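Heads up: the structure comes next, in structure tokens.
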Amino acid sequence: MTGKIMLTLRLQRLGKIKQATYRLIVSEKNKDPQAGSLEILGNYNPKDKKFNVKADRVTYWLGKGAQTSPTVFNLLLKTGLVSGAKKRSVFLSKRRKEKIAKKKGESAPAKT
């Protein structure tokens, strides 16, 4: 069975404990980000809010059909390389939403 390889643009964590920096990489979707990449496209330092990216290579890979992770999409949106609405990167399960709603209901003062 031969199929298309799904490529994704995502962040690879580097750096020391509590001093994270990230690389923007292109890799196969089902591979671990630490397992290697096809190309390094830039880097991101969340502490300094610096995002360095090779814009021409990002547009090349997006043109080839590569997808982005929600976080990378939002970073590229800030730099103006992609357009659209911001993507939600954190999803809450139905169970978690119910738990939060229950907690909010308990913390609200009861009216008499």
Note to self: Would you confirm, using the coordinates I've provided, whether S69 is small (G, A, S) and at pLDDT below 90?
What the structure shows: no
Note to self: Looking at the stretch 11-33, can you tell me whether even one residue there is open to solvent by less than 80 Å² (accessible area, probe 1.4 Å), touching a residue at least 60 places away in the same chain (Cβ under 8 Å) and under 22 Å from R88 (Cβ atoms)?
What the structure shows: yes
Notebook entry, point to check: For the stretch 34-57, what are the residues that are hydrophobic (A, V, I, L, M, F, W, C), within 26 Å of F91 (Cα to Cα) and surrounded by 13 or more Cβ atoms within 10 Å (Cβ to Cβ)?
Noted result: F51
Check: Looking at (1) surrounded by fewer than 16 Cβ atoms within 10 Å (Cβ to Cβ); (2) in contact with a Lys or Arg (Cβ under 8 Å, 6 or more places away or on another chain); (3) not acidic (D, E), which is the only condition T68 fails?
Finding: (1)
Notebook entry, point to check: List, please: which pairs have Cβ atoms under 6 Å, are six or more places apart or on different chains, and start with a residue in the stretch 37-61 that is of a type in the set (A, V, I, L, M) and end with one that is surrounded by fewer than 17 Cβ atoms within 10 Å (Cβ to Cβ) and part of a loop (DSSP other than H, G, I, E, B)?
Noted result: L41/K54; A55/L81; V58/L81
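The values are calculated or read from the model by the stated rules, or taken from the named source; none is laboratory data. Only a predicted model underlies this, so the values are computations on that prediction, with no experimental measurement involved. All Cβ positions, glycine included, derive from the backbone under ideal geometry; neighbour counts span all protein chains shown. We work out accessible area using only protein heavy atoms, side chains counted, and drop any ligands, DNA or RNA first. Shrake-Rupley method; radii C 1.70, N 1.55, O 1.52, S 1.80 Å.
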